[in-house]
Amino acid sequence: MNILVTGASGMLGATIVNFLAKDFNVFATGRSEYSDCPVPFKSFDLLENDYSELILWCNPDIIVHSGALTNGNYCDMNPSEAFNTNGVSIKKFINATSENVKIIYISTDAVFSTNNHKAKEKECTNPESVYGKSKEIGEFFLINSSRKYTIIRTTIVGLNKNKYRSGFVEWIINSSIENKNIELFDDVVFCPITIWDLSQELKFLIQTQSEISDIIHIANNEYCTKYDFGINLLTTLGLDTKNIKKSSIEEFPNRVNRAKDQTLNTTYYQTRYNRKLPSIKDTINTIKEKYNEKENQARQ
């Protein structure tokens, strides 16, 4: 089975590639060069109009579309690029492939508004940001196609395999190590799942070879504030927490619109597929394990 993973130079995409390459014939693509990619890699910009060259290169049976512009402020300032990269790209993949090619689309909690606490799959989407709206468009193209698909809404945390990239977790850890003050929202709740746990669930879904098109929420079993997450993460890693300060999303008037409640209900996925998703403690312990592995490798 050939699997094409987009966004392979990003935090999630790189991890998905490593997980799936153990059992499948994986091809990877991304806009940025990724010399350390362990599988065949082709640079490709999702803004291109014609995807046929990419499809001919890998002849996929499944496309895992994790490539996206995820910076909310950048998306707000560049809406056309965001809509085309995150949403219209789905339509281009549909047009460039046969009916037999399944598309797994990594979507986001940002398709919902603050009013949706622990949002369920069948609730109406109402994104508050360009980023959320661009992902909603991608979902629209799949739902209204005749294509087999799985839409996965999620909220991820993790560490970058690509040494040229850094994310939310690394920002918290590095700020503590470098004795820098940071502010984390105490009025924003989310249910983060690690990129490794999400990749494991994705692998499971591919191995089940389900013919049913589905929208599922894969996230943490629990939720917490961004501030509590940061405190618990540093405490578990044995790092100093004195420089983390509570803040409110309301204190940043120029920040892109983003729901204060970013939680997802995962009951449907866990019940239908007989899966157990991690707790906040599990998530932080997994990050600790992967962080220690990365530090040990750097010392060698």
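Here's the yes/no breakdown for (1) under 18 Å from the mean Cα position of the chain (by Cα); (2) closer than 30 Å to E250 by Cβ; (3) among the hydrophobic types (A, V, I, L, M, F, W, C); (4) outside any strand (DSSP E or B):
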{"residue": "R147", "(1), (2), (3), (4)": "no, no, no, yes"}
{"residue": "I152", "(1), (2), (3), (4)": "yes, no, yes, no"}
{"residue": "S166", "(1), (2), (3), (4)": "yes, yes, no, yes"}
{"residue": "I173", "(1), (2), (3), (4)": "no, yes, yes, yes"}
{"residue": "S176", "(1), (2), (3), (4)": "no, yes, no, yes"}
{"residue": "K180", "(1), (2), (3), (4)": "no, yes, no, yes"}
{"residue": "E183", "(1), (2), (3), (4)": "no, yes, no, no"}
{"residue": "D187", "(1), (2), (3), (4)": "no, yes, no, yes"}
Tally, over segment 253-300, of residues that are outside any helix (DSSP H, G or I) and aliphatic (A, V, I, L, M): 4
Matching residues, segment 74-116, being at pLDDT 95 or above and within 15 Å of H217 (Cα to Cα): I104, Y105, I106, S107, T108, D109, A110, V111, F112
Segment 51-73 - residue that is surrounded by fewer than 15 Cβ atoms within 10 Å (Cβ to Cβ) and modelled with pLDDT under 95 and, of those, farthest from A28 (Cα to Cα): N73
Residue that is small (G, A, S) and touching a residue at least 12 places away in the same chain (Cβ under 8 Å), where the choices are S146, S166: S146
Residue tally, condition assigned to a loop (DSSP other than H, G, I, E, B) and at pLDDT 95 or above, over segment 24-35: 1
Flag for R255 being among the charged types (D, E, K, R) and either more than 21 Å from I151 (Cβ to Cβ) or in contact with a Lys or Arg (Cβ under 7 Å, 6 or more places away or on another chain) (or both): yes
Answer residue from segment 182-196, given it is over 16 Å from C224 (Cβ atoms) and at pLDDT 95 or above and is surrounded by the most Cβ atoms within 10 Å (Cβ to Cβ) among those: I195
Unmet criterion (only one of (1) polar (S, T, N, Q); (2) in contact with a helix residue (DSSP H, G or I) (Cβ under 7 Å, 6 or more places away or on another chain); (3) more than 19 Å from S107 (Cβ to Cβ)) for N49: (2)
One residue from N232, N221 being over 18 Å from G13 (Cα atoms) and not in a loop (DSSP other than H, G, I, E, B): N232
Subset of segment 64-80 [among the small types (G, A, S), over 18 Å from V5 (Cβ atoms) and in a loop (DSSP other than H, G, I, E, B)]: none
Members of segment 38-63 that are assigned to a loop (DSSP other than H, G, I, E, B), closer than 22 Å to Y149 by Cα and of a type in the set (A, V, I, L, M): L46, L47
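Return yes when T208 is among the β-branched types (V, I, T) and either in contact (Cβ under 8 Å) with a residue 24 or more places away in the chain or surrounded by 21 or more Cβ atoms within 10 Å (Cβ to Cβ) (or both) and no when it is not.
Taking the combined requirement at face value, the residue satisfies it.
The values are calculated or read from the model by the stated rules, or taken from the named source; none is laboratory data. Predicted model, so just to flag it, every value in this text is computed and none were measured. With ideal geometry, Cβ positions are generated from the backbone for all residues, glycine too; neighbour counts draw on all protein chains shown.
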